[in-house]
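Read-outs: derived from the displayed coordinates by stated rules, not from any lab. Quantities reported herein were computed from a predicted structural model and do not represent experimental measurements. In this analysis, Cβ positions are derived from the backbone assuming ideal geometry, glycine residues included, and neighbour counts consider all displayed protein chains.
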Number of protein chains: 2
Amino acid sequence: MSDRSFDPDTVSLDEIRQLFKDLPGPDLEAATEVARRESQLTKPRGALGRLEELTSWLATWQGRHPPRVDHPRTAVFAANHGIAARGVSAYPPEVTAQMVKNFVEGGAAVNQLCKTFDADLRVYEMDLEQPTADFTQGPAMTDAECARAMAYGMMAVEPDLDVLCLGEMGIGNTTSAAALACALFGGDPAEWVGRGTGVTGTALRTKSQVVADGVARHKAVGDPFALLAALGGLELAAIAGAVMAARLARTPVVLDGFACTVAAAVLWKADTTALDHCIVAHKSVEPGHARVLQAIDKEPLFDFGMRLGEGSGATLALGILKAAAACHTGMATFSDAAVSGPA
Amino acid sequence: MSDRSFDPDTVSLDEIRQLFKDLPGPDLEAATEVARRESQLTKPRGALGRLEELTSWLATWQGRHPPRVDHPRTAVFAANHGIAARGVSAYPPEVTAQMVKNFVEGGAAVNQLCKTFDADLRVYEMDLEQPTADFTQGPAMTDAECARAMAYGMMAVEPDLDVLCLGEMGIGNTTSAAALACALFGGDPAEWVGRGTGVTGTALRTKSQVVADGVARHKAVGDPFALLAALGGLELAAIAGAVMAARLARTPVVLDGFACTVAAAVLWKADTTALDHCIVAHKSVEPGHARVLQAIDKEPLFDFGMRLGEGSGATLALGILKAAAACHTGMATFSDAAVSGPA
């Protein structure tokens, strides 16, 4: 994102809203090129199923044919949440910083996944010493803090990225995501709450209560960006910013699990076409994920019962995207290979 | 498979049945080692879901810890079917040989998938000029032909393969697979019949009739290996042989779509533990696939609406297996990384 015209240190939510109004649409010429070539490849029409849809989606949002998945990036945003002090997680808040160190040292799951699929991993540490405020007491972030976090997220998008996978790390962030999702899409707060890293019993009841209190306090806010500030977190705002910046830079996006998808869903709530350049890699075990996927009408690629976050599901999807692009680009046509068509 | 004691040119089905009685069981020590390490890795327990199950399965059937997916192979068996002359396919029978040439020249989907995941591709052309007999008139193969094809399939397994992906190419083989599946597992013949490469209307009705006629003629045979001879094809017999040889060589197997899974299901029918070293990569569009998966109690990894065969789905699964093994092997433990455990 070299063409944004605001200063990330002083940007306002209104400037972000303004930028959001100018998101580019699909490249239908690239999609037409995909369809033309696909029909000539040595296979029955449609026989590669969703791989063919992925190829078309990649070309449409990269704005070129053939699409490429040679230079993917996984961006993981890490932040801390005031709400974590309420005992909503199975792990203490210092785990966020410890896991960031683990990412930097190459020891986390996402490191191994990035190696497996040749993705460039970037980890963005967002003021870990400065958690957001407890959203049951007031907004988690001021509008200015939220806007700055979104602008920070935009920096994950650089020219020449083929695909951007997004992920998060933040002890307490499924609580924040549950509250944000409930405020965006309605329903009973408890239905958006899951076990996160593994809470049970009293902690799980506390988590539900905290979500209900946060939603009750802020839901009248209404505006999706303002709700992101009120109930979200720095990493969630950064993800929303990265999704916007990727659209502007013609970089298709792969979303990860519950917290990541809820962050992106803020944009969907503001404009239902805002996530057309995004796919969701997997269906998380976290029960709110299925709900938000239904709300934003996205069908995840796979369901492996994962619930790790940190961009692990999104990065795992890169193998499938690489395979889709390789088939489309590398296969022979019926005439190249002198293979007979249908009788 | 260097330790088989029979001559593949003169082997009998009884010799194969004898070999089948000595399939090795799981390596539970390797599974225990996986569980021990998995519990120490820097993630909430179970957070990688099915990836953790895959790691355990790989170690159990490779008989070692840690498991590796460095040297996978995709073996595609190609053969022709007498039944193709009855007009059961959308494509003429010469497409089998044309596609084999396409595999050899690198132009098919499976070539691109093998390149993407560094798999060694082997294509086995099985007497393409000599299709099996029309199974509505008599057995497709003699017992000796079937045994020889199984022994031929066993040659796809060599020492030092980490994983074997199996696939097939054979115009008419979904008809053969539907008849074989119906004879093995019962039900209405029409329920096992799908559109294959894309048949509709009269050809689809012909396909159903051919399957019904074949099942009626041979179902009294009863014995699974004899049914394979009566209704199967050379490539289906080779797949069954390869699955057996892989078990003997401690090589986990990834099965592909309908025809491939039915070929393996012959072994399951003879011994319900015979496919414990196999996973099924994907759920094919071919409606019989879901039925056979239910019969043999296998949950496919993904459903991308694919229906190409040629080992494409199985090879696509290699990315997921590589990712699973990489996470298990490469991740830091809580103590390595000084990350706090649950509070």
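Values computed for the structure shown
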read-out: Surrounding net charge for A:A263, when Lys and Arg each add one and Asp and Glu each subtract one, Cβ distance under 13 Å; value: -2
read-out: Overall dimensions of the stretch B:209-343 as given by Cα atoms, namely Rg and Dmax in Å; value: 18.7, 67
read-out: Lys, Arg +1 and Asp, Glu -1 on Cβ, resulting dipole of chain B about Cα centre, debye, nearest 20; value: 860
read-out: Residue-averaged beta-carbon neighbours from other chains (10 angstrom radius) around B:320-332; value: 6
read-out: FRET efficiency for B:E191 and B:E94, using Cβ-Cβ distance with R0 set to 35 Å, rounded to 0.05; value: 0.70
read-out: The protein assembly as shown, dipole about Cα centre (Lys/Arg Cβ +1, Asp/Glu Cβ -1), debye to the nearest 20; value: 1040
read-out: Rg/Rh for the stretch B:72-209, where both radii come from Cα atoms and Rh is the Kirkwood radius; value: 0.98
read-out: For the protein assembly as shown, alpha-carbon Rg over 2.2 N^0.38 Å; value: 1.02
read-out: Hz values of 3J(HN,Hα) by residue in the stretch A:285-298 - Karplus curve (6.51, -1.76, 1.60), Gly and Pro given as x; value: 5, 4, x, x, 5, 4, 5, 6, 4, 5, 4, 9, 6, 10
read-out: Neighbour-count ranking [beta-carbon atoms within 10 angstrom, fewest first] of B:D14, A:D276; value: B:D14, A:D276
read-out: Label-point separation in nm, B:S340 to B:H71, each point 7 Å along Cα→Cβ; value: 4.6
read-out: DSSP-defined antiparallel bridges as percent of all bridges, the protein assembly as shown, nearest 5; value: 5
read-out: Inter-probe distance in nm under a simple model that places probes 7 Å from Cα toward Cβ, at B:Q294 and A:Q130; value: 5.8
read-out: Peptide-level mean, for B:296-309, of C-beta atoms on other protein chains within 10 Å; value: 4
read-out: Proximal aspartates and glutamates relative to A:K269, as straight alpha-carbon distance under 14 Å, when same-chain residues fewer than 8 apart are discounted; value: A:D223, A:D297
read-out: Computed [θ] at 222 nm, deg cm²/dmol, chain B (DSSP H ≥ 4; -39,500 (n - 2.57); rounded to nearest 500); value: -14500 deg cm²/dmol
read-out: Karplus-derived HN-Hα couplings along the stretch A:167-180 (A = 6.51, B = -1.76, C = 1.60, θ = phi - 60°), whole Hz, x at Gly and Pro; value: x, 9, 9, x, 4, x, 7, 6, 5, 4, 5, 5, 5, 4
read-out: Exposure proxy ranking, count of Cβ atoms within 10 Å, fewest first, for A:V110, A:V104, A:V266; value: A:V104, A:V266, A:V110
read-out: Average Cα contact separation per residue, chain A, under 8 Å, 6 or more apart, as relative contact order %; value: 24
read-out: Residues of type lysines that A:K207 reaches as a straight line, Cα spacing below 23 Å, ignoring anything fewer than 8 places off in the same chain; value: A:K219, A:K283, B:K43
read-out: Percent of alpha-carbon pairs separated by more than 24 Å within the stretch B:68-321; value: 37
read-out: Burial ordering of A:F302, B:F6, fewest other beta-carbon atoms within 10 Å first; value: B:F6, A:F302
read-out: Antiparallel bridges, percent of DSSP beta bridges restricted to chain A (to nearest 5); value: 5
read-out: The stretch B:22-124: Rg to Rh, with Rh as the Kirkwood radius over Cα pairs; value: 1.17
read-out: ³J(HN,Hα), Karplus 6.51/-1.76/1.60, whole Hz, each residue of the stretch B:190-197, x for Gly, Pro; value: 4, 6, 8, 9, x, 7, x, 6
read-out: Amide proton proximity set for A:F302, modelled H, under 5 Å, gap of 5+; value: A:H282, A:K283
read-out: Distant-in-sequence amide H partners of B:L121 (H built 1.01 Å from N, under 5 Å); value: B:T74
read-out: Under-5 Å amide H pairs with B:F77, H placed in peptide plane, nonlocal only; value: B:Y124, B:G167, B:E168, B:M169
